[in-house]
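The values are calculated or read from the model by the stated rules, or taken from the named source; none is laboratory data. Here the structure is a predicted model, which means the values were calculated and not measured. Positions of Cβ are generated from backbone atoms using ideal geometry, with glycine treated the same way; all protein chains shown enter the neighbour counts. Ligands, DNA and RNA are stripped out before the accessible areas are found, and what is left, the full protein with its side chains, is counted by its heavy atoms. Shrake-Rupley method; radii C 1.70, N 1.55, O 1.52, S 1.80 Å.
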Amino acid sequence: MHLPHPPDSAVRTDERTVRVGRLVPETGIPLRPYPDRAQLRQFLRELRLPLCAVQTMLELADAPELPGSTQLAIKAAANQTDYVLDLIADYVEIDRLEADAVGVAPERTDLLQWLEACIQSRAYGTEAIGSPLRLQHRSFLPSHVDVDGPLAGRALDAVLRTAAQRALPGPIQVRVAYAHDRSRPGATRLTLEVVTRGGGFNEIERGYVFTPFAVRDGASRPLLGLGIAQRLCTLLGGELRVTSPGLSSCSYQLSLVAPPSPDAHWIDPMAGKRAQLGPVNPGRVLFVGSDPTVRMLTASSLLRAGHLVDGVDDEEHVLTHMGQDTASFCGVVFDKSCRSETLGGLVDALRLAGFTGRVVHLQGEVTDGARLPFVDRSLPSACSGADLLAALTLP
């Protein structure tokens, strides 16, 4: 798994393949007046009641013994009724957002459980139209994050619904990645990229986001989900971007701020038993020694987990390199080129200097007798990134 590069902070208008940028007002476009909110709310309430009654009657009328043409007509009517009810719900949501009536209430959320619930809630509808959802994990994830789960779920659902209605039949990929935002120290972002076959944007009105802009499905019906998702992402500290290389495919990129909970552990979402890789504790990892192999093999895993990777070639320069900033280092990794007979005194000096992180020693082959008593863990030189991450975090 790898973490995709975050999108550029600005939309490059000279790029012909990018048809849609951030869904925000373009420069020079005046804000349009609101309709009468009270009248609109009353209209939506009155419209919803008979539609719900029609929906219930269609469900009761659908029976397997009916002729095929009758079943087809019932399903078509039910589909149109569901669409209008979704459209009403979108207008209600937009009205609440315009009135600043939506608040953010972060709470401890099981990230994998939240993702699975979001996918399952939309999976039946997308499979029915030939576009099954496929979840792809592209980084390690914290077990729990502090985020407004229902609000984030509404943003993702709005994008999935829009993407499914515009896309051609075929799998819809939902790519998940978690990364520390280097432009904002201490901030972490959850990125959800929805990729469809077809459904690209040839042109889109990029005016005021809360006015029903010209996003439509194959039947030219208006779709308001992108405007809703954009505003919800903004409330959650992130953004929504939509890019489209022509009409052949489309990518919807949602990001939101999701700091790890205090008791969160890193997990590998691809592991069958959700293997824990230790507590989430981003910090600098210092590689010591002249052998660059292990650093090259494991650095990407450490970076995905939020760690910064540093290094010195000679163990004699460790204290000088760390200086007075020992608290920013969470681990020191000595490779097999370091001299075992001098490591004990160096580790003692590190502890006296205030270093409280983990000390890992890499050696050709790990045996009980070869493990040094003054290091926290000994690993083989050919260890994986997950093994090193666990050694730096697990007790």
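Numbers for the structure displayed
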quantity: Radius, Kirkwood style, for the range 47-119 when every pair of distinct Cα atoms is counted (Å); calculated: 15.5
quantity: Placed amide H near Ser337: partners under 5 Å, 5+ positions off or other chain; calculated: Ser290, Asp291
quantity: ³J(HN,Hα) computed for each position of the range 228-233 - Karplus, 6.51 cos²θ - 1.76 cosθ + 1.60, integer Hz, glycine/proline x; calculated: 5, 4, 4, 5, 5, 4
quantity: Dipole axis of the range 109-190 (+1 Lys, Arg; -1 Asp, Glu on Cβ), positive-most option in Tyr124, Val147, His137; calculated: His137
quantity: From phi via Karplus (6.51, -1.76, 1.60), per-residue ³J(HN,Hα) for the range 151-161 in Hz, x at Gly/Pro; calculated: 5, 5, x, 5, 5, 5, 5, 5, 5, 4, 5
quantity: Average accessible area per residue (Å²) across the range 39-124 - probe 1.4 Å, nucleic acids and ligands excluded; calculated: 63
quantity: Accessible surface ranking that places the most exposed of Trp266, Trp114 first, with a 1.4 angstrom probe; calculated: Trp114, Trp266
quantity: Ranked packing of 232-238, 95-101, 62-68, most packed first, by mean Cβ within 10 Å; calculated: 232-238, 95-101, 62-68
quantity: About the Cα centre, charge dipole magnitude for the range 66-205 (Lys/Arg +1, Asp/Glu -1 at Cβ), debye; calculated: 640
